[in-house]
Amino acid sequence: MAHNTERLYRIEALIRARGCVSFATLLEELEVSRATLKRDLEYLRSRMGAPIEYDRDANGYRFGADVQAGGRRELPGRWFSEAELYSLLTAQQLLAGLDGDGLLSRHLQPLLDRIRQMLGHGAGADAATALSQRIRVVTARRRPVASRFFERVASALLQRRRLQLRYLSRGRGELGDREVSPQRLVHYRNTWYLDAWCHRSEALRRFALDAIEAAEPREAAAKELPLQQVQAEMDAGYGIYAGGRRQWATLHFDATAARWASREEWHPQQQGRWLDNGDYELRLPYVDATELVMDVLRQGEQVRVVSPASLVQAVKTRLARAAARYD
């Protein structure tokens, strides 16, 4: 008679988590007949080598002495403990919060269903449901990406194939064709980007997926670049902007904002120090001032750009234009 693989995993998970489980508890958790449970226990012991023993004193089933002493016992295939399954569910909920347009959720749904099956019914299922209700990810200013483009880009990236893109360059307002070799996907501030080798410009470029008008896979193999090179060229700037000459910005936060600014990471390579007057100084690299200026403006009067002079002027100009709208 066929055995439900998920149920076999569930039996082992219950015994591992609780140490000793009675026959009645197993029946309640698994919601099967007595005959089915007996067959499952016998199958685990005789066919899959599970060291499950019946403890008469405790009136329950437990693992043998070797496993109790810390030995690792696994069924064939992938094994997750109950705690690891809950961790996977947590990760899925976080991803679902970032994945507001359903780009990944429908592909991950079979995995989610399988995790819920492994947790079984009863307390495990109730905990899984409660977990999904108690995690909320709030996002703002999401830029939706068409699922067909995301899937084609992701497929080309994994298969190491080139892509033909019809792409809208926002800065210049130009729509053009690019043949690219995908290197990696980047999720940043509620949208997706593709780091790719552009065969037209013969350089690494970053493409916003929501600006793609068409994407067609090519048979040609993608140009391979070391990941270290991609990281060095694309991660040196501030925010999503990459390429160009690197500069360092110095910002001073007043005492009101200093406490919070000292705990924030604006850039992985930032440098910070407390000043004698209670202000906080933050130094960080950038290659394009666009996004850095926007983030500075969000801090209002609580921050002042000290250097370089070009960044100081850029912020002053933006503030003056903003104030002029209220004259």
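Only residues that are touching a residue at least 60 places away in the same chain (Cβ under 8 Å) and within 16 Å of residue 155 (Cβ to Cβ) were counted in segment 173-202, giving 1. Look at (1) in the same structural domain as residue 294 (by TED's automatic domain parsing); (2) over 30 Å from residue 297 (Cβ atoms); (3) polar (S, T, N, Q) and you find that residue 262 fails only one, number (2).
When segment 246-291 is filtered for residues that are in contact with a strand residue (DSSP E or B) (Cβ under 6 Å, 6 or more places away or on another chain) and acidic (Asp, Glu), the ones remaining, listed by number, are 279, 281. Evaluate the following for residue 238: is it crowded, with 19+ Cβ neighbours inside 10 Å, aromatic (Phe, Trp, Tyr), free of Cβ contacts under 8 Å to residues at least 40 places away in the same chain and touching a Phe, Trp or Tyr at 6+ places or on another chain (Cβ under 8 Å)? No: the conditions fail for residue 238.
The values are calculated or read from the model by the stated rules, or taken from the named source; none is laboratory data. Bear in mind the structure is a predicted one, so any value in this text is a computation, not a measurement. Methodologically, a virtual Cβ is constructed for each residue, glycine included, from the backbone with ideal geometry; neighbour enumeration extends over all protein chains shown.
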